[in-house]
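Okay, so here's the structure we're looking at.
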Amino acid sequence: MKITEIQIKNFGKLHNINMRPLPGLNVIYGENETGKSTMQRFITSMLFGLEKQRGKSGKNDHYQKYEPWNSNSFFAGGLKFTVGDKPFYLERNFYHKEKSAKLTNEMDGEELSVEHGDLEMLLGGIKKASYENTYCIHQAEIETKKEFAEILQNYFVNMSMGGEGEVDLAGARKSLKEKQKDAKQRLEEQRQKRGDETEKLQVKEGLLQRDIEQLQEQQKESHENISRQRPGADLPEHDSNQMAEYLWDIRQKNVQKGYRVRLLVSTVITLFSLVLGIINATAHPLMRGGNWGWLVLELALLFGFLGGVGSVCHWFQKEKRLKSLIRQHEEEKRERNISVSKDREWQEVRQKQETKAKHRVVEELLQEQLAEKQALLLNLREEIEQNTQPSEEEQELELQVQAYELAYNTLQSLSKDAYQDSRKQMEEEMSRILTEMTQGKYDRIGLDEQMNLIVEKDNRKLQPWQLSQGVMEQMYVALRMGAGGIFTKEESMPIILDEVFASFDEKRLESALNWLSRQNGQIFLFTCQRREMEILERNNIPYGKILLSR
């Protein structure tokens, strides 16, 4: 492929620019801020398109970066190129609301379809990522990007299969890792769910165990209460009757005491009257003479004696009736006590029966609750035991994780074996380029298992960062050019270099330019220094000169 004309209608700061590069080496010279990087981005955007990023834009949003300064709705350009001596004209409108692409075969006027892959076919099937990691080197981006290792691995595997098919090794590995990650995440979620469920069950187990212990304690207290309970202890005592009996006895004793005092006084009076009457009668006989005073006294003593005898008889009878009343009351009391005792015995028997019945009901209720709790506890412990084992889903997910890991390792192993020949061919091409550019100082460059760049020097394998900046950049140029040469076997692509040799000294720059001059493809060398042109002219190397101004 050779670009024959560049038509920039409106792109970034550039507008209405037409230029016709040579089919070989072209130097695009301009001071800073003259649009060199803009022109380079225009060429790659014409070849592969320019998409507007969704969401919040950033510094990597090339659409926003290169929107025309004077009118963002007029965002377009054209590119004329040849493929196998056939001329083609590509026109693009980059404006995201009116995006379009038109590809025309200028030889016969046939319009081709960019959307259906006609342009990609003309470019030899190379993708934008592959191009920007090989033949297209942007300013300050000489090192390859992270996806370049995946691009190389995919290429090597496809080449080992005879170039047939589109095996996406990196995509397959990425898919396996993503699926393994998803399976691990779901496995972890299941384990966490099982762990949470086990924790809940253990809490329930603790509560059930505590309930069982409380029920057993209640059973124990119930037995102790039965053993401590005295028969009839809760029966009511006849305290009021006992107090009445006591008061009645006190009152009767007081009455009896009063009777006895009266009886004693009456007896004393009777005896006193009798004795005085006898004495008076003896001392003053009635027949001796008419002493009426002593006679009256005698009569009074007689009446006193008779009254005392009557009084003694009266109080004696009173006391006798009282004793009879007391004996009758004691008999009634004894009979009443016998009745109360029998009644109390019957109440004690009934209370004992009721207590046994209540205890039996409580015991049955507690035993029923205890049996129910123990059954629940047994089932709960079985559930906990089952929950400690991985579920079928967990086992399946674990097998999936192991299967994805095995598939990934197997794919890695097979891919390493598959692309050895293609990788060796590429390493030889890279080594040849580095040898020419370093004039034989470094003659062996290669790739490690992770597709990282290494160089052999004095039987040592060195990483690029272990060498000087100039050598490191030479290594990456050799890597890019070697890979680009292999990727573009079907159709050569323009080599676009934007300030790639800025850190090269004169000797390294001259070696690089001499190597570039020997290449058959078209080369665009963007620079803000004149030394590239001076070296080319000094070595009589033909080139096209394109000057940019502010």
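The values are calculated or read from the model by the stated rules, or taken from the named source; none is laboratory data. Since the model is a prediction, treat every value here as computed from it, not as a measurement. So basically every Cβ, Gly included, is an ideal-geometry build from the backbone, and we count neighbours across all protein chains shown.
The table below gives the values:
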| quantity | calculated |
| --- | --- |
| From A233, A244, residue being outside any helix (DSSP H, G or I) and either at pLDDT 65 or above or on the phi < 0 side of the Ramachandran plot (or both) | A233 |
| Residue within the range 399-416 that is in contact (Cβ under 8 Å) with a residue 60 or more places away in the chain, in contact with a Phe, Trp or Tyr (Cβ under 8 Å, 6 or more places away or on another chain) and hydroxyl-bearing (S, T, Y) present | yes |
| Test: residue in the range 332-339 that is modelled with pLDDT under 75 and either within 21 Å of K253 (Cα to Cα) or touching a helix residue (DSSP H, G or I) at 6+ places or on another chain (Cβ under 7 Å) (or both) | no |
| Residue in the range 20-41 that is assigned to a strand (DSSP E or B) and either β-branched (V, I, T) or over 14 Å from I546 (Cα atoms) (or both) present | yes |
| Residue check, E348 in contact with a Pro (Cβ under 7 Å, 6 or more places away or on another chain) and under 30 Å from N225 (Cα atoms) | yes |
| The range 371-397: number of residues that are closer than 13 Å to Q202 by Cα and in contact (Cβ under 8 Å) with a residue 24 or more places away in the chain | 8 |
| Tally of residues being more than 18 Å from I28 (Cβ to Cβ) and surrounded by 14 or more Cβ atoms within 10 Å (Cβ to Cβ) across the range 504-547 | 5 |
| Test: residue in the range 529-539 that is part of a loop (DSSP other than H, G, I, E, B), over 29 Å from N18 (Cβ atoms) and at pLDDT 90 or above | yes |
| Residue that is farthest from the chain's Cα centre (by Cα), among those in the range 77-116 that are within 23 Å of E51 (Cα to Cα) and of a type in the set (G, A, S) | G78 |
| Residues that are surrounded by 13 or more Cβ atoms within 10 Å (Cβ to Cβ) and either of a type outside the set (D, E) or more than 10 Å from L377 (Cβ to Cβ) (or both), drawn from the range 197-206 | E197, T198, L201, Q202, K204 |
| Filtered residues of the range 493-511 (kept if touching a residue at least 40 places away in the same chain (Cβ under 8 Å) and either part of a strand (DSSP E or B) or in contact with a strand residue (DSSP E or B) (Cβ under 9 Å, 6 or more places away or on another chain) (or both)) | M493, P494, I495, I496, L497, D498, E499, V500 |
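One line per residue, one yes/no per condition, for (1) modelled with pLDDT of 85 or more; (2) exposed (fewer than 13 other Cβ atoms within 10 Å of the Cβ):
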| residue | (1), (2) |
| --- | --- |
| L376 | yes, no |
| N379 | yes, yes |
| I384 | yes, no |
| N387 | no, no |
| S391 | no, no |
| E398 | yes, no |
| A403 | no, no |
| Y408 | no, no |
| Q412 | no, no |
